[in-house]
Each structure stands twice: as C-alpha cells, then as structure tokens.
Amino acid sequence: MVRSLLEKDKLTFSMLIVVRIMQEEKKSITALEVRFLMVGGTAITHSQPNPAHDWLSDKQWAIVEELSTTISSYKGLSQDFVQNHSKWKEIYNSLDPYNSLNWPGSWATALNAFQKLLLVRIIRPDKFITGVQQMIKEQMD
C-alpha cells in the first residue's frame, strides 16, 4: 500500500496511521490535539507578555497560551513557561528536543509521545519531522 504513495507523503501517511492506532489503544489523544498538530495554533495575539522574547517569537508564545487554554492536557503550560522559561530554553536549545530528558517540571511524565510532539511543533518547528520519525519508531516497535 505504501509503495503507491509519493515519497513526500509517506511520512504523513505513517504518522496518521500511528496516531489512529494510538487513539484506538486509548493513549489519550483527542481530536482537538490532532487538529492542533495538523493545523497549528491560530492565535496571533497574547494576553501575557512573552517571558522568553529572546528565543520565543510572539506568535509562538500566543500559540503556547492558546494550547494552555484550549486543551486540558496542557493546562498551566503558559504559567510554567513564565516561571521556568530558562528550563524551556534548554528544550529549545536541545539538538533533539523530542527525546530531551530536561522537560521542565511534570511535563516529562504528564505528556505522552504525541503530546510532546505537539510542543516540539510549536517550540522547534525545525525539529518536528525528526520528532515525527522518532514517535513512529517508538510506537511501532
């Protein structure tokens, strides 16, 4: 089946299959999270000042705030960014943020693989593809 896909579509197709499998296995992936991953955040304004303006754009900060208020798994995320922005900068600076062991506070254990991938998409969009590949490998092993 995968042979008939274009090369550029194989990763997307694989990710969608893995996400569907994770949903069927009740791994706490909501439709809202999937939509957020596919479409991204829509917020363009923020209610609090960006606590990490030297490395996090205002658009990224607005999306962190949106995620924090729209999806229950991320409740308190924006407050955690304000309190621990130096620890979040470690994730930002990491060569492999998806597999980082330095996730601040309880976020290392509170989020599943898919949910961490959502944060990587916001904080380090350049590392998103690598994160998707790693999530697929983890879930299919």
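Bear in mind that the values in this text are calculations on the coordinates, not laboratory data. Owing to the predicted nature of the structure, the values given are computational and were not obtained by experimental measurement. Don't worry about glycine lacking a Cβ; one is built from the backbone with ideal geometry, like all the others, and counts go over all protein chains shown.
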Next item on the list: Quick one: angle between helix 128-140 and the longest Cα principal axis of the chain, in degrees between 0 and 90, rounded to 10, please.
Entry: 50
Next item on the list: Report, in deg cm²/dmol and to the nearest 500, the calculated mean residue ellipticity at 222 nm for the chain, where each DSSP H run with n ≥ 4 adds -39500 (n - 2.57) and the sum is divided by the residue count.
Entry: -17000 deg cm²/dmol
Check: Given a cut-off of 13 Å, what percent of all Cα-Cα pairs of the range 99-141 lie beyond it?
Finding: 53
Checklist line | Spatially proximal lysines relative to K26 (Cα-Cα < 19 Å; intrachain offsets below 8 disregarded) | finding: K116, K137
Next item on the list: Considering Cα pairs under 8 angstrom that are at least six residues apart, work out the relative contact order of the chain and quote it in whole percent.
Entry: 22
Margin query: Can you give me the Kirkwood hydrodynamic radius for the range 31-97, using every pair of distinct Cα atoms, in Å to one decimal?
Written below: 12.4
Check: In whole Hz, what ³J(HN,Hα) sequence does the range 38-44 give by Karplus (6.51, -1.76, 1.60; θ = phi - 60°), x for Gly and Pro?
Finding: 6, 8, x, x, 10, 5, 10
Check: For the range 84-99, in order, what is each residue's ³J(HN,Hα) by Karplus, 6.51 cos²θ - 1.76 cosθ + 1.60 with θ = phi - 60°, in whole Hz (x at glycine and Pro)?
Finding: 10, 4, 5, 6, 5, 5, 4, 5, 4, 7, 5, 6, 9, x, 4, 9
Margin query: List the residues, sorted by chain then number, that are 5 or more residues from G41 or on another chain and whose placed amide H is less than 5 Å from its amide H.
Written below: none
Check: Any idea what the dipole of the range 2-140 comes to, in debye rounded to 20, about its Cα centre with Lys/Arg Cβ at +1 and Asp/Glu Cβ at -1?
Finding: 320
Next item on the list: With the Cα gyration tensor of the range 2-140 in hand, give its eigenvalues times 5 under a square root as the equivalent ellipsoid semi-axes, listed largest first in whole angstrom.
Entry: 26, 15, 15
